6 protein chains.
Amino acid sequence: MFSVTVRDHMMIAHSLRGETFGPARRLHGATYVVDATFRRTELDADGIVVDIERATATLRDVLADLHLRNLDDVPELRGVNTTTEALCRVVADRIAERAEAGGLGAGAGGLTGLTVTLHESHVAWASYERAL
Amino acid sequence: MFSVTVRDHMMIAHSLRGETFGPARRLHGATYVVDATFRRTELDADGIVVDIERATATLRDVLADLHLRNLDDVPELRGVNTTTEALCRVVADRIAERAEAGGLGAGAGGLTGLTVTLHESHVAWASYERAL
Amino acid sequence: MFSVTVRDHMMIAHSLRGETFGPARRLHGATYVVDATFRRTELDADGIVVDIERATATLRDVLADLHLRNLDDVPELRGVNTTTEALCRVVADRIAERAEAGGLGAGAGGLTGLTVTLHESHVAWASYERAL
Amino acid sequence: MFSVTVRDHMMIAHSLRGETFGPARRLHGATYVVDATFRRTELDADGIVVDIERATATLRDVLADLHLRNLDDVPELRGVNTTTEALCRVVADRIAERAEAGGLGAGAGGLTGLTVTLHESHVAWASYERAL
Amino acid sequence: MFSVTVRDHMMIAHSLRGETFGPARRLHGATYVVDATFRRTELDADGIVVDIERATATLRDVLADLHLRNLDDVPELRGVNTTTEALCRVVADRIAERAEAGGLGAGAGGLTGLTVTLHESHVAWASYERAL
Amino acid sequence: MFSVTVRDHMMIAHSLRGETFGPARRLHGATYVVDATFRRTELDADGIVVDIERATATLRDVLADLHLRNLDDVPELRGVNTTTEALCRVVADRIAERAEAGGLGAGAGGLTGLTVTLHESHVAWASYERAL
């Protein structure tokens, strides 16, 4: 099993809903350092898991839709409690959509899985892993 | 599959038993930077893997029993060769006991697994993974 | 010259004022990983720069006033463009006030300087250095 | 499941073959910070996954054959497009050969798997995972 | 004193000249993770040290001239022994030239100094500090 | 001004003396990740601050005298309260002695200063800076 990971980040405001979150129910924010890990069983004819330039561009594009925003005001996230865990899935699913639409190139058909990790600080992070 | 990780540390003295360990059989010490990763298949009703405040507090409490101690003198570790690997299991099992006793909250029943990683330096670390 | 540094973090929302900031004029947020570095020429009688427990507690207390807040709504910051650089000074000045009020202990009289660094991502950080 | 990881690095020149690589087809280079992770189900009689001194020495020896070289001129790599992913496999397979030849000690027979990760920068890395 | 730092990287091949360098006289390569730190005594009217977007773009542009190259073949570096230390000065001087030519914006006139750090691995780095 | 830094580590046991240290008066331990930074005004004829192989070897040798030891039993440290700060000076002074004895090579005569940083965890570190 092979994997390739690329890293980028986004800086957002949001508030969380539910008793569990205590003071994090207030409007606050986070820098998420985001790692996207692409997996495949065997390398393609070029000897790669994925074209790293395309993977980097895809991650950047997905994050650009959320970067420097207040997530409480983003229509597509209405109804989502934007926890770090939930945002991992949002980012992963958006990358997967782009992969399926050809955004990672033709060779990306051999990808088998994707993990997205959001680091919210030096002492806490979350991940979501899915098939591709 | 989702996961959440929290990080803390402990600073201990110990000595290792067995020819394999060479000079590490002498009394020496380590800072262990400790990561505890909690896993579950789906998020709970709040959109989380685990209440991060409780996860952080549980890890801190487990480490507090070992922090600033000479592990050679800790009665509960008698008979344990306190390698980094073995300490990963000690920390993981103690977190699991607290999780089962409700220390992570009612929602923690949905947790499926736990990994504990101890970083002993910038060039070496160990992990232990178990079910919950 | 000796120094001791302690690290903590805060997660805030804010918006920036001025053409220069482009999309960062929108409400967004950041995790700031914060390092406070204390300096002195010679060590005190205990062989330390500062009591690390007190330094850690002082940093945590200063950050607690800003953590999980929208800085645009914090009365004491009215009139401050809360750039990373400006927040370095806010944090440093508040630590200095507490040091002068005895919050770092009697031995802290020998401290000569303080630097506060705020890491806003894995690719950008700012610092402010002042005398004590 | 237990694991132990050791880290080292190598600094190499190379060029990549294929349209996909754009300007990386030119002769350039990389520092690879290399992590080798050894796995086993249960700890051995000493309470370890692998003798960390032998693991460290094995990784260093494998990297020494590539360190400070132009990989385009290394005979054993003729025909290999030396992408980060492909180099992960080269390093892992060479460690596996040494493990099978006894280089990790007799106790290493209980090892079940190996993952090699090459970090090519602060924003990109690749891994290869295999059985032992 | 305030500072702002931005990080990027470049991947180059080169060889070093002189007995001192032993096997590093062979053609090999490096990833340099590069930090550029800008200093000024007081913040400008926007509350910043430097426009971080311009600083990031300037660093990226300077590195783009060297990234994915064999430095032994770069005409402007003829006669330079491209040690990590020497490359720090090359990068810093090129950033300084662009700053003087207005590339960091009008407000950059207040900058007083610049430090460039090149990390060649997880265990070695070099810096060059100059006035602006 | 130029600098070069090399990193290594040591793992020690010790106890601290004085009311200030609370539970750290008990025998415990630490991994210190140690950075030694060498400074000089201009590069030497080879284009370097210091021969990095010799700097690395010197740091390793100095740490080898303390690594895997209980500092409470090290005769040369009798009377030293082995705080992180104090150990920075011990390491720096021993490196300086070796530099003066020629251990860094003839070219090291141009070195002007040395800083030693000991990281005791991911959230605390100390430094000592001296002339050479």
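Derivation of every value follows stated rules applied to the coordinates shown; laboratory data play no part. Not measured: the values here are computed from a predicted model. Note that we place each Cβ from the backbone using ideal geometry, even for glycine, and neighbour counts take in every protein chain shown.
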* In terms of modelled amide H atoms, which long-range or inter-chain residues lie less than 5 Å from the amide H of residue E:70? -> E:13
* From the square roots a ≥ b ≥ c of the eigenvalues of the alpha-carbon gyration tensor of segment F:34-103, which class results: rounded (a/c under 1.5), prolate (a/b over b/c), or oblate? -> prolate
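For a Förster distance of 30 Å, can you work out the FRET efficiency between the beta-carbons of residue C:26 and residue D:93, rounded to the nearest 0.05?
Values: r = 50 Å, r/R0 = 1.67.
The pair residue C:26/residue D:93 has a calculated efficiency of 0.05.
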* Structure fact -> Taking the label point 7 Å from Cα along the Cα-Cβ vector, the copy-to-copy distances for residue B:79, listed from shortest in nm with one decimal, are 4.7, 5.6, 5.6, 6.9, 7.5
* Asked: Which single residue of chain A puts its beta carbon nearest to the axis of rotation relating A to C, and what distance, in whole Å, does that give?
  -> A:29, 1
* Cα gyration tensor, segment B:8-132 - rounded (a/c under 1.5), prolate or oblate -> prolate
* Asked: What does the charge add up to near residue C:9, with Lys and Arg as +1, Asp and Glu as -1, over the other residues with Cβ less than 12 Å from its Cβ?
  -> -1
* For q = 0.05, 0.08 Å⁻¹, Debye-computed log10 I/I(0) when each Cα of the protein assembly as shown counts as one equal scatterer -> -0.25, -0.68
* **Relative contact order (%) - criterion: Cα under 8 Å, at least six apart; region: chain A** => 30 percent
* Asked: What do you get for Rg/Rh over segment E:77-119 if you use C-alpha atoms and the Kirkwood form of Rh?
  -> 1.06
* Please state the charge dipole magnitude for segment A:1-82, taken about the Cα centre, from unit charges on C-beta atoms (+1 on K and R, -1 on D and E), reported in debye and rounded to the nearest 20. => 440 debye
* Cα centroid distance between segment A:51-113 and segment B:1-73, in Å? -> 32 Å
* Asked: What gaps in nm, shortest first, separate residue E:97 from its twins in the other copies when you place the label 7 Å past Cα toward the beta carbon?
  -> 4.5, 4.6, 4.8, 4.8, 6.6
* Evaluate peptide E:87-94: per residue, the Cβ atoms of other protein chains within 10 Å of its Cβ; return the mean as an integer. => 1
* **For residue C:22, inter-copy label distances in nm, listed shortest first [label point 7 Å out on the Cα-Cβ vector]** => 1.9, 3.8, 4.6, 4.6, 5.3
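Per residue and in Å³, how big is the convex hull formed by the alpha-carbon atoms of segment B:61-132?
Cα-based convex hull of segment B:61-132, divided per residue, equals 103 Å³.
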* According to a simple spin-label model (label point 7 Å from Cα along Cα-to-Cβ), what is the distance in nm between residue F:122 and residue F:45? -> 4.8 nm
* Simple Cβ-charge dipole of the protein assembly as shown, Lys/Arg +1 and Asp/Glu -1, about Cα centre, in debye nearest 20 -> 0 debye
* To do: Using only Cα atoms, find the angle between the long axis of helix B:84-100 and the longest principal axis of chain B, and express it within 0 to 90 degrees, rounded to the nearest 10.
  => 30 degrees
* Asked: Taking one equal scatterer on every alpha-carbon of segment B:11-68, how large is log10 of I(q)/I(0) by Debye at q = 0.26 1/Å?
  -> -1.05
